[in-house]
Amino acid sequence: MRKTLLWIIGIIPAVLFSQSKDTLHDLQVLDPASVSCSIKGVAVSGATEQVKVISAQTIKEMGAQNAAEVLQNQSGILISQDAQLGTGISLQGLSGQSVKILVNGAPVAGRLNGNIDISQIPTNQIEQIEIIEGPMSVLFGSDAMGGIINIITKQPILTRTKTNARLFLDGRRNTNLDVDFAIPVNRQHSTLQLFAGRHFFGGMDFDTLTRNYDWKPKTKYFGGLGFHVRGDKFRHDIRANHFYENMLDRSNAEFNLITVTGYNNRFFTQRSDAAVQSSGRFSVGNKSINAKFNNSWNGYHRLNTLVKRNLVTGEETPSFIGERDTTRNHLFNARGFFEIEKKRVRKNTIMLGYDANHEILSTGKIREAKSITDVGIFAQGKWQPNHRLLIQPSIRGNFNSRFGEPILTTTQNLRFTPIIPALQTRYKIGNSMWRLSYAKGYRAPSLKELYFLFVDINHNVRGNEQLQAEVAHNAMASYKYRHTYPNINGRILAVELNTRGFYNHISQQIQLAMLDQSTQLYQYINIGKINSTGANLDIDLTYKQHSRSAWTTTATLGADWINTRSQLSDSSDWQGFNTIQGKCNLKLSHQKTKSSAQLFCRYSGNTRGFLANGNTYQIAPYTLVDFTLNTAIANNSNHSIILQVGCKNLLNVTQLQGQAGGGIHGGNGVLNISPGRALFLSLTFQFQ
């Protein structure tokens, strides 16, 4: 497999990010629009970045209840699970702080172990998810070394009131209910949006003789509102959301001569956010200007309490074995874009923008509240000398309150970080498209990485105030071929082939690593250098007739190879390993009856990670397979009822034994993959 992928990359002249469409969707939407890197949105096929778009339709067909379940099936992404900290994401062989999570372009606060727990993002309001690989530091600043994942929520402008309700039940003790309302306010120009939901998971324990759950019971409540206004030149979106999660972590029972006791550790998580976004178009002289502004606040609050429970009487008393801890994280973000182009001559444009972040962290695990400010200004140009070639250079200047070179010797509060450049090109000829890019990435250590201190009977995690900032260099090349064969036995066959390769070189990469296995001491360290190299091949096939009464067959085949090499210091040897992933998604759909059947298969090969002493740990290969059936049991212009049944994790992959250590909460190297095989049923009611 490795030789095959290397050969494919070797014969393709270098070029940038290939785009992957939403391959499980119908033929009519082969080219979805991306809004992450453009003010007014750009078709995926026309973007210079490596963009993958997952639509709301695909998310529904997967039966996914949160963003982690959606991304579990995507090429080049590895999802990890931690019993207490939630999910983690690896992209291009880089994980943690190297992957930036955005909601409508605004960064999400509240990282644990460097990761945003995307299982806390429900899918009921997601319009699409955009994945962009490679450093995006020019446009999105710090934490975008490996790429970004931008979750776009619904922004309806309606003429009639629309109501949706969804009930989800499965054999893994999940009971979920979601409702939302969209109400037109002013003659198709504004819409009020309300939504709420409750997700309950009863937990899963693979050893029924113990009191401790392998998958912790969780109850989630969430809700929000949005007001969307569309004027003649500008559109305004106002949103406010709140999320609450209660998770229970129980210890095993302790027996003595008097009674039986156990400990209950409860984790209460709240996420709140508010945002005002405006976008539109206006003219100045012979210039046409597209503008977009996004101002947001993202708040995170996590509280944990530990009590001792008498398992005979049910009485609970406070326990002082583990400290009560409250973590608060506030992130303020302001972004603005201005895309300038000449009227009637729109081949060449320039985009100017600013991006400002202020983060505040307070927790019992650091001595006092800390803050950090990061401000960037950037410019991006597009030059199209002919209809085939597009050249897109960009550059960013950044100021940080804690890292970089002081601008003036008399002040230490404003520091200038290295200039961040990027260059992307696209060349199109016939049915083929070639892309090539170079990008530099820069990431200052986060507040947790600098000051974190968490030591109790189960944890020994420390920050490091001596950390240095990360610097990355990335090169990517891709090739895309797309062709439609209009008459094969009276049907249409659409074929799309995407292949790409990438290379990352990161100096002073920051990782939470095990320094002492006997004491389970973890600390954030600069591990020296990391190189990651990878290649990908995706083939998408769609076979259908023009008639609405005909069946459409869609198939997606994909393979990824990633090589990661690490050098702890200039005097140590390089160590490396390979990871291979694959996927096969099949769909059979019938447009007239709104029926479809899907099979989702994802293979993850041997996966390894680095320990601080230079050793590695290993996770055995596994395969996840899901099957779903969808059909409309009632469907007319005023209402519809969609029935979905299926089975998740057909092969019943639950846990794997990691070698030489796993996660912080891995438990003797045992890693959670899934709660197990489960049948599920979902009913969606739509009224308007």
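Limited to region 616-642, what total is found for residues that are among the β-branched types (V, I, T) and buried (at least 18 other Cβ atoms within 10 Å of the Cβ)? Break it down into steps so the answer makes sense when it comes.
So in region 616-642, the residues among the β-branched types (V, I, T) come out as 616, 619, 623, 625, 628, 631, 633, 641-642.
Applying the additional criterion that residues be buried (at least 18 other Cβ atoms within 10 Å of the Cβ) yields 619, 625, 628, 642.
Selection size over region 616-642: 4.
Of all residues in region 105-130 being hydrophobic (A, V, I, L, M, F, W, C) and more than 12 Å from the chain's Cα centre (by Cα), which is nearest to E49 (Cα to Cα)?
Here is the first cut: in region 105-130, the residues hydrophobic (A, V, I, L, M, F, W, C) are 106, 108-109, 112, 116, 118, 121, 126, 129.
Pick out the ones that are also more than 12 Å from the chain's Cα centre (by Cα) and you get 106, 109, 112, 126.
Values: A106: 19, A109: 25, L112: 29, I126: 22 Å.
In this case the residue turns out to be A106.
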Enumeration of residues in region 429-450 that are touching a Lys or Arg at 6+ places or on another chain (Cβ under 6 Å), over 16 Å from Y503 (Cα atoms) and surrounded by 15 or more Cβ atoms within 10 Å (Cβ to Cβ): M433, L447
Boolean, Y522 is farther than 29 Å from G441 by Cα, touching a Leu at 6+ places or on another chain (Cβ under 8 Å) and of a type in the set (S, T, Y): no
Number of positions in region 105-153 that are outside any strand (DSSP E or B), among the hydrophobic types (A, V, I, L, M, F, W, C) and in contact (Cβ under 8 Å) with a residue 40 or more places away in the chain: 10
Test result for N66, closer than 24 Å to K220 by Cβ and modelled with pLDDT under 90: no
Subset of region 131-145 (residues that are within 12 Å of the chain's Cα centre (by Cα) and among the hydrophobic types (A, V, I, L, M, F, W, C)): I131, I132, A144
Selected residue (criterion: surrounded by the most Cβ atoms within 10 Å (Cβ to Cβ)) from residues of region 479-535 that are part of a strand (DSSP E or B), aliphatic (A, V, I, L, M) and modelled with pLDDT under 80: I510
Residue that is part of a strand (DSSP E or B), more than 30 Å from R415 (Cβ to Cβ) and either of a type in the set (A, V, I, L, M) or under 24 Å from the mean Cα position of the chain (by Cα) (or both), where the choices are L361, L352, L331, L306: L306
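Does region 475-508 hold any residues that are under 28 Å from the mean Cα position of the chain (by Cα) and farther than 20 Å from L537 by Cβ, and which are they? Break it down stepwise before answering.
From region 475-508, those under 28 Å from the mean Cα position of the chain (by Cα) are 475-482, 495-508; that's our starting set.
Of everything in region 475-508, those that are under 28 Å from the mean Cα position of the chain (by Cα) and farther than 20 Å from L537 by Cβ turn out to be H505, I506, S507, Q508.
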Filter result (at pLDDT 90 or above and either under 19 Å from F293 (Cα atoms) or more than 12 Å from the chain's Cα centre (by Cα) (or both)) within region 93-104: I101, L102, V103, N104
Restricting region 191-227 to residues that are assigned to a strand (DSSP E or B) and among the basic types (K, R), the residue that is surrounded by the fewest Cβ atoms within 10 Å (Cβ to Cβ): R198
Sole residue being touching a residue at least 12 places away in the same chain (Cβ under 8 Å), farther than 20 Å from N66 by Cα and part of a strand (DSSP E or B), chosen from N241, N294: N294
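Listed here are the residues, each with its yes/no results for (1) touching a strand residue (DSSP E or B) at 6+ places or on another chain (Cβ under 9 Å); (2) surrounded by fewer than 18 Cβ atoms within 10 Å (Cβ to Cβ); (3) not charged (D, E, K, R).
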position: D143; (1), (2), (3): yes, no, no
position: G147; (1), (2), (3): yes, no, yes
position: L169; (1), (2), (3): yes, yes, yes
position: T175; (1), (2), (3): yes, yes, yes
position: V179; (1), (2), (3): yes, yes, yes
position: I183; (1), (2), (3): yes, yes, yes
position: H189; (1), (2), (3): yes, yes, yes
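Take region 552-606 and flag every residue that is of a type in the set (F, W, Y) and assigned to a strand (DSSP E or B). Outline the logic, then answer.
Within region 552-606, the first condition is being of a type in the set (F, W, Y), and the residues that meet it are 561, 574, 577, 600, 603.
Result: W561, F577, F600, Y603.
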Test: residue in region 91-107 that is of a type in the set (S, T, N, Q), surrounded by fewer than 22 Cβ atoms within 10 Å (Cβ to Cβ) and out of contact with any Ser or Thr (no Cβ under 9 Å at 6 or more places or on another chain): no
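One line per residue, one yes/no per condition, for (1) modelled with pLDDT under 95; (2) within 20 Å of Q57 (Cβ to Cβ):
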residue	(1), (2)
G605	yes, no
L611	yes, no
N615	yes, no
P621	yes, no
T628	no, yes
T631	yes, yes
N636	yes, yes
I641	yes, yes
Residue within region 338-353 that is surrounded by 15 or more Cβ atoms within 10 Å (Cβ to Cβ), within 17 Å of L102 (Cα to Cα), modelled with pLDDT of 90 or more and not β-branched (V, I, T) present: no
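The values are calculated or read from the model by the stated rules, or taken from the named source; none is laboratory data. Quick caveat: nothing in here was measured; it's all calculated off a predicted structure. Every residue, glycine as well, gets a Cβ built from its backbone with ideal geometry; the counts of neighbours run over all protein chains shown.
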